[in-house]
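A.B. asks: One structure, as structure tokens, below. Some questions next.
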Amino acid sequence: MRKDLLKLAAGAAALAVSLSALSAHAAPGNGNGVVVSVAPEKTSLGKSDDVVVKVTFTNTSGSPQYVLKSRTPFEEIEAPLFEITRDGQPVRYLGAIAKRGAPTAADYFLLKPGASYTAKVELSALYDMATTGDYAIRYRIGNGSGKAGDELKSEAATVWIDGVRPRGSNEETRSLAEMQAQAGMVTAAGGALSFNKCTASQQADITTAVSSALAMATDGDAYMAKGTMGTRYTKWFGAVDSARVATVKSHFAAIKDAFATKPITVDCGCKKTYYAYVYPTQPYTIHVCKAFWSAPMTGTDSKGGTLVHEMSHFNVVAGTDDWVYGQSGAASLAVSNPSQAIDNADSHEYFGENTPALQ
Ligand SMILES: [Zn+2]
């Protein structure tokens, strides 16, 4: 075995071939002496707790072992590496499944003899863990050979989760009103909210942010409906003109309606430094990025306001563009070009956030 592995350094093609030969000769199920364990950071979790486990790979053999990186938690997880059950029922994997080419030498992780390697993995963004129950979490993945028995498998760790959905329920999306009621918020919302790649704590933040966005849109809609345009309107949308006022009024009615009644999906997979993005032709999916997470919940450039901004972009809502970004740019645009201001997403955000408050 050791001889084979030394020879492997010669070339990537040789590595792939020799490793599969090696797998074929391995004793079934023992991973060539590689032992995997899973240890939860907490064994009892609440609704907005992230589910973090430490996964440790230990090479208990006397020789170096190679494991496909894509089958370890040591890089971004793009395969269902865990087998998770809730009250004995399988839990759905929500994460990515990457299509990969044949492995090369660089695709293998080296485990030195006797060495242990640990990675922390957050599971609630990867698996549907929103339902209350007893969870059993096991690391279980084939080694890439495609042969039965050639798998890495840990003992099961157990955690109790007091989730946002009652025990025994299997709904994949919850009504926004239901979640807001659970979070102690009062609203007339009837839309549904679902998540993609969001952890439990992110889901909790987003639920509050959507509620804030709905409150801003409802307030903006009520302001436009009363028909008297004050400084709050002129600051962000410029001189009062009946056609433009009617357009802004229709925008806020549509933004409010979308937050209140449409099925909204928030995707947390974006790692860009900006706030968020959408595809205007794909309502009502909003991708939130890094700046979103550090923003306050309400007020200028907040989480709630960001969602108002993004919602205004959808063609079926208000079809806005990004003519300018930022408060000073939006205020200048209102003076210089009111027609663009009423088509500018940030202008809608700042009118909705209304911070500092204008009448
Ligand atoms: Zn935008």
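The values are calculated or read from the model by the stated rules, or taken from the named source; none is laboratory data. This one's a predicted model, so the numbers in the text were calculated from it and none came from an experiment. Glycine also receives a Cβ, built like all others from the backbone with ideal geometry; neighbour counts cover every protein chain displayed. Ligands, DNA and RNA are excluded from the accessible area calculation, which covers all protein heavy atoms including side chains. Shrake-Rupley method; radii C 1.70, N 1.55, O 1.52, S 1.80 Å.
A.B. asks: Round to the nearest 0.05 the FRET efficiency obtained for residue 158 and residue 122 when R0 = 22 Å and r is the Cβ-Cβ distance.
C.D. replies: Details: r = 18 Å, r/R0 = 0.80.
Computed FRET efficiency for residue 158 and residue 122: 0.80.
A.B. asks: Suppose the chain between residue 96 and residue 242 were pulled fully straight at 0.36 nm per residue; how much longer would it get relative to their current alpha carbon spacing?
C.D. replies: On the way: separation 146, 0.36 × 146 = 52.56 nm, distance 4.90 nm.
Residue separation times 0.36 nm, minus the Cα-Cα distance, leaves 47.7 nm.
A.B. asks: Then there is this: Does the range 236-313 come out rounded, prolate or oblate, given a ≥ b ≥ c as the square roots of the eigenvalues of its C-alpha gyration tensor, rounded meaning a/c under 1.5 and, failing that, prolate meaning a/b above b/c? Intermediate results must be reported in sequence, preceding the final value.
C.D. replies: Working: a/c = 2.31, a/b = 1.58, b/c = 1.46.
Prolate, because a/c is 1.5 or more and a/b exceeds b/c.
A.B. asks: Hey, quick one: spin label on residue 106, modelled 7 Å out along Cα-Cβ, who in the range 70-91 has an amide N within reach, i.e. under 17 Å?
C.D. replies: Counting only backbone N, you get 70-71, 75-76.
A.B. asks: While we're here: How much length would be gained if the chain were fully extended between residue 294 and residue 167, taking 0.36 nm per residue of separation minus their Cα-Cα distance, in nm to one decimal?
C.D. replies: Numbers: separation 127, 0.36 × 127 = 45.72 nm, distance 3.26 nm.
Additional length available on full extension: 42.5 nm.
A.B. asks: Further question on the same structure: Anything over 27 Å Cα to Cα? Flag those among 235/271; 112/290; 197/262; 69/197, in the order listed. Don't skip to the answer; put the middle values down first.
C.D. replies: Numbers: 235/271 33 Å; 112/290 36 Å; 197/262 20 Å; 69/197 21 Å.
Cα-Cα > 27 Å for 235/271; 112/290; rest within.
A.B. asks: May I ask you to rank 310, 75, 41 by accessible area, largest first, using a 1.4 Å probe over the protein chains only? Intermediate values should be presented prior to the final figure.
C.D. replies: Details: 310 10, 75 75, 41 95 Å².
Result, largest first: 41, 75, 310.
A.B. asks: Length gain on complete extension for the stretch residue 85 to residue 328, per 0.36 nm per residue less the alpha carbon to alpha carbon distance?
C.D. replies: Details: separation 243, 0.36 × 243 = 87.48 nm, distance 5.19 nm.
My answer for the length gained is 82.3 nm.
A.B. asks: Taking the simple approach of a point 7 Å from Cα along Cα-to-Cβ for both residue 69 and residue 250, what is their distance in nm?
C.D. replies: 5.2 nm
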